[in-house]
Every structure is written in C-alpha cells, then in structure tokens.
Amino acid sequence: MKLVLVVACALVDVDNRVLISQRPEGKQLAGLWEFPGGKVDPDERPEDALVRELHEELGITVKPACLAPLTFASFAYETFHLLMPLYVCRRWDGFVTGREGQATRWVRPKQLRDYPMPPADEPLVAHLLDLL
Ligand code: C5P
C-alpha cells in the first residue's frame, strides 16, 4: 500500500491553547478538525515541509528549531497508509489567519475532544493532553 507522509503541528499559545483548523469543503474528510500541516514533498525535510505549510495555510513564520517532535500517527486508510509526525511549537512570528478559507480555532486542551477529527489524528490528542 502507498505510504503518505504528512507533517502536523500543535501550535500552543501563551494561554496554553491549541490551534486546530477545519478541513474545507471539497477536500477529503471535509468538516473535520485537524492539527495544521500537510504533505511532505519528495526530497523535502519534514521540518521544512511544516515551516512551508504553516506559512501557506496560516501566514505565520516558524523556525525549524522551534518545532519539537512529540509523537506520530500511523494509520491505514482504505487506499493509503498515513504516517504523520506531530510537532509542538510555542514560538512563531505573525498572526494566525486561515489563508485557504479554512476555519481556525484556539481551544483549551480539555476541549480538543469536542471537535471531530480524522481517525489518524485522534490518538495524537492523548499525547498532547499528557504534555499540556
Ligand atoms: O491535507 P491533505 O489532504 O493533503 O492530506 C492527505 C490525506 O492525509 C488526507 O486526505 C487525510 O486522509 C490524511 N490526513 C489526516 N490527518 C491530517 C491531515 C491529513 O488523516 N491532519
């Protein structure tokens, strides 16, 4: 089965809230909430892919050194297997704006379970709750 590498990030603000964004209409799993990120291009370092995606999707600038790996998801969808490292980031430049029409929300760790997520993302929440 095809292996797909996606990187994701829990942005955590000074109030310990976490940013989640909603997958827009027209995308697979539309309407579900996820940690921002995206696919790693061939020959791209995962951290560089995340820096790129966070800029494209949210308009923020992140230094690779500010990305701390926390855990990863490994999930078999019907047509591909997803491998998705989750990083935590507490420092960035700029203000978060959903630049691709996606809704974004800052939520308290305990509220994360109130937002339906793709099945691959759900196990990541437990790890994040342990940290926060
Ligand atoms: O975001 P994108 O559509 O490029 O991601 C590719 C696939 O990886 C999605 O269709 C979805 O199945 C999966 N994915 C996920 N959780 C995420 C991001 C992507 O399960 N946070």
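Per residue of the range 40-49, in order, report the coupling 6.51 cos²θ - 1.76 cosθ + 1.60 (Karplus, θ = phi - 60°) as ³J(HN,Hα) in whole Hz, putting x for Gly and Pro.
So the J values, rounded to whole Hz, are 8, 6, x, 6, 9, 6, x, 5, 5, 4.
Calculate for the chain the 222 nm mean residue ellipticity that helices alone would give, adding -39,500 (n - 2.57) per DSSP H run of length 4 or more and normalising by residue count, nearest 500 deg cm²/dmol.
Roughly -5500 deg cm²/dmol at 222 nm, from the helical runs in the chain.
Give me the percent of the accessible area of the chain that comes from carbon and sulfur atoms, probe 1.4 Å, all protein chains in place.
Ligands and nucleic acids excluded, carbon and sulfur give 52 percent.
Straight-line reach only, C-alpha to C-alpha below 18 angstrom: list the lysines that residue 39 could link to, leaving out same-chain residues fewer than 8 apart.
The qualifying lysines are 2, 27.
Return one whole number: the accessible area per residue of the range 2-131 in Å², for a 1.4 Å probe.
55
Any idea what diffusion coefficient the chain gets from Stokes-Einstein, in µm²/s, Kirkwood Rh on alpha carbon pairs, 10 °C, 1.306 mPa s?
Roughly 107 µm²/s, to the nearest whole number.
The values are calculated or read from the model by the stated rules, or taken from the named source; none is laboratory data. The model shown is predicted, which means the values in this text are computed figures rather than measured ones. The area values use the complete protein model at the heavy-atom level, side chains included, leaving out ligands, DNA and RNA. Shrake-Rupley method; radii C 1.70, N 1.55, O 1.52, S 1.80 Å.
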